[in-house]
Every structure is written in C-alpha cells, then in structure tokens.
Amino acid sequence: MRLSVETFDRKREKESSHKVFFAEFERAMKYLVDAGFSKEEIGAYILAGLPAQNFEDVVETIRILKNFPCKIKIAEYSPIPGTTDFEISKKLHPELPLDEPLYQNNSIFPLWNFEGKWERINWLKDFASK
C-alpha cells in the first residue's frame, strides 16, 4: 500500500494541488495499522524539488514521517504543463525554459539550483531509508 504524501509543508498544501493533507494521512495510517498492515507493507512518497521548496522542507517532512510505521520514498518533482505547480514554477523561475521538455524531466531537479545539489539529494534518500 502506498500513500502519496508529497509534503507536509502547510503553505505548500494550501497553494498547490497536493493530494494528501496531514490529517488525512494520519487517518489513513491509523486505518491501515488497525487493518493489520505492517511498516513493510506501507509506503509513503514525498516529493523533492517542488516550487519554493527547500532542502530543509524535505528533511522536516521526512522527520514527521519517521513517526509513522511506513517506508519513506522520495520522488523527484518535475514541472508538468497544465498543473498549478507548473504555473507556480514558471512565476518563481522565469529564467528557466520550463516549456522545454528537458526541463520537465524529473531527473535534473530543474527547480533546485544550489551547490552540492546531488550530494544533498542522495543524503535525503539515505536519511529517508533509515
């Protein structure tokens, strides 16, 4: 069973098209545990690289998830034309050619441009898996 959390950042929850709010996640986890699902059977996916999201936001979401019996997986955000997040991304990063398909590829983390990006992304994945 996998839940798509994306983020628990309150501001991001309100301004974006995220699927799961924290209260809904808590309720779903309770139902799954009550139904007998184990940590090995429950996965929670979060997104890294969302518009206006920083490294610390992802770390905090991971820390919150570590309080629940689930495996944490990180998915790389990619701007998808026609979505609310795509429009937010274009406003926040007018310098990026987000209409270009390469910049819609999640493998490059187009909205995260800071030194040591790949090392920090790998650290996040390692932290989430422990």
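A few comments on the model shown:
- Among the residues of region 30-47, the ones that are part of a helix (DSSP H, G or I) and either touching a residue at least 40 places away in the same chain (Cβ under 8 Å) or not β-branched (Val, Ile, Thr) (or both) come to 7 in all.
Rundown of residues vs (1) at pLDDT 85 or above; (2) touching a Pro at 6+ places or on another chain (Cβ under 9 Å), yes/no style:
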position	(1), (2)
Arg12	no, yes
Ser17	no, no
Ala28	yes, no
Asp34	yes, no
Phe37	yes, yes
Leu47	yes, no
Val58	yes, no
Ile62	yes, no
Lys73	yes, no
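- The set of residues from region 73-130 being farther than 30 Å from Glu41 by Cβ and among the hydrophobic types (A, V, I, L, M, F, W, C) comprises Phe86, Ile88, Leu92, Leu96, Leu98, Leu102, Ile108, Leu111, Trp112, Phe114, Trp118.
- Meets criteria (touching a helix residue (DSSP H, G or I) at 6+ places or on another chain (Cβ under 8 Å) and under 18 Å from Asp9 (Cα atoms)) for Ile80: no
- Tally, over region 108-130, of residues that are in a loop (DSSP other than H, G, I, E, B) and surrounded by fewer than 12 Cβ atoms within 10 Å (Cβ to Cβ): 5
- Scanning region 40-61 for residues that are buried (at least 20 other Cβ atoms within 10 Å of the Cβ) and within 13 Å of Ser4 (Cα to Cα) yields Ala44, Ile46, Leu47, Ala48, Thr61.
- Which numbered condition Asn105 fails, given (1) over 16 Å from the mean Cα position of the chain (by Cα); (2) surrounded by 12 or more Cβ atoms within 10 Å (Cβ to Cβ); (3) of a type outside the set (Val, Ile, Thr); (4) at pLDDT below 85: (1)
- Residues being of a type in the set (D, E, K, R) and either touching a Phe, Trp or Tyr at 6+ places or on another chain (Cβ under 8 Å) or within 15 Å of Arg120 (Cα to Cα) (or both) - total across region 29-74: 4
- Residues in region 95-130 that are touching a residue at least 40 places away in the same chain (Cβ under 8 Å) and over 18 Å from Asp57 (Cβ atoms): 1 in all.
- When residues of region 48-75 are limited to those that are touching a residue at least 40 places away in the same chain (Cβ under 8 Å) and among the acidic types (Asp, Glu), the one farthest from Glu115 (Cα to Cα): Glu60
The values are calculated or read from the model by the stated rules, or taken from the named source; none is laboratory data. Because the structure is predicted, anything quoted here is derived from the model rather than measured. Positions of Cβ are backbone-derived with ideal geometry, glycine not excepted, and every protein chain shown enters the neighbour counts.
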